[in-house]
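Right, one structure below, let's go through it.
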Amino acid sequence: MGKDPAFLFYSSDFLTGTMFFSDEQTGKYIRLLCAQHQSGHLEEEDMIKICKTYDKDIFKKFMKDADGKYYNHRLEQETNKRIAYSESRRKNRSTKKEDMSNICDSYDEHMENENENENINEKEIEKGVKGEKKERKRRAKTAEIVKSFYGSQNNVALTVEELERLRLKFPEDADDAVEYLSQYIAEKGYRSVSHNLAIQRWVIDTVKERRLKRQGGRKASAYDEIMSLVREGDVK
């Protein structure tokens with residue numbers, strides 16, 4: 001039997017699976033599917049020849065077999081199903097004793113299985129899309145919790161978003177509070193699960209109170225105020 005010239009192509013599933021592909025990526029992906037259908041599992045160099053370079057999004061659509069070759073699992077399934085069906089029809093036609101009712105029953109059973117497989121595939125695609133969305137949310141959340149270190153002692157841990165919110169909420173005191181906490185940690189060994197919460201709960205108030213006490217005297221530098229607070233341990 002010659003090489004099967006075609007395979008089932010579910011347009012809805014394909015559009016869903018390549019929704020975030022560029023036109024160029026989509027073209028490369030289709031060429032790889034055709035290459036697999038005609039030539040079998042692909043060497044990595046074959047993948048690179050078509051993609052021109054390593055493309056993470058495209059390569060994620062393929063799995064590796066025991067020999068390290070790439071193949072698309074869904075295409076493999078559809079190809080094998082079509083081969084099995086064609087073979088069953090060939091055997092049916094070669095069996096002279098088989099009557100037409102058996103042929104109809106076989107066809108009906110095949111179509112029923114096809115519909116069941118299509119429903120399963122739709123669920124798999126939907127699950128895959130939900131999984132990709134969940135992964136994007138996880139990455140976004142991870143990006144939000146990455147903290148940098150601020151203050152002259154480089155020991156006040158805040159995310160960029162936390163520092164921006166502090167500056168919006170306390171425009172006159174946020175930077176002084178960060179510096180005060182930096183000096184206090186270095187001097188006293190202070191620890192806190194959240195430096196952001198510590199600044200809002202007591203550091204801001206402490207900095208404001210010390211500034212008010214000095215309004216009647218000479219205007220001390222920010223560093224003088226901070227070191228004074230550190231020495232006196234004026235903490236709530």
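Between ARG201 and LYS134, the C-beta separation translates, for a Förster distance of 30 Å, into a calculated FRET efficiency of about 0.35. Take the Cβ-Cβ distance between LYS208 and SER148 as r, set R0 to 25 Å, and report the resulting FRET efficiency rounded to the nearest 0.05. Approximately 0.50, to the nearest 0.05. Computed from label points 7 Å out along Cα-Cβ, the spacing between LYS169 and LYS49 is 6.0 nm.
Can you work out ³J(HN,Hα) from phi for every residue in segment 11-27, in order, using Karplus 6.51 cos²θ - 1.76 cosθ + 1.60 and θ = phi - 60°, giving whole Hz and x for Gly and Pro? Listing the rounded values in order: 4, 5, 5, 5, 5, 5, x, 10, 4, 9, 7, 6, 4, 5, 5, 4, x Hz.
One Cα centroid belongs to segment 1-34, the other to segment 38-84; the line between them spans 12 Å.
Cross-link pairs exceeding 32 Å in C-alpha to C-alpha distance, out of LYS3/LYS60; LYS3/LYS134; LYS147/LYS213, comprise LYS3/LYS134; LYS147/LYS213.
Computed 3J(HN,Hα) for segment 185-194, one whole-Hz value per residue from the Karplus formula 6.51 cos²θ - 1.76 cosθ + 1.60 where θ = phi - 60°, is 4, 5, 7, 9, x, 4, 10, 8, 5, 9, glycine and proline marked x.
Take every pair of alpha-carbon atoms less than 8 Å apart whose residues are at least six positions apart; their mean separation over the length of segment 7-71 yields a relative contact order of 31 percent.
Bear in mind that the values in this text are calculations on the coordinates, not laboratory data. Values in this document were obtained by computation on a predicted structure and should not be read as measured data. Here the Cβ is made from the backbone with ideal geometry for all residues, glycine too, and neighbour counts use every protein chain on show.
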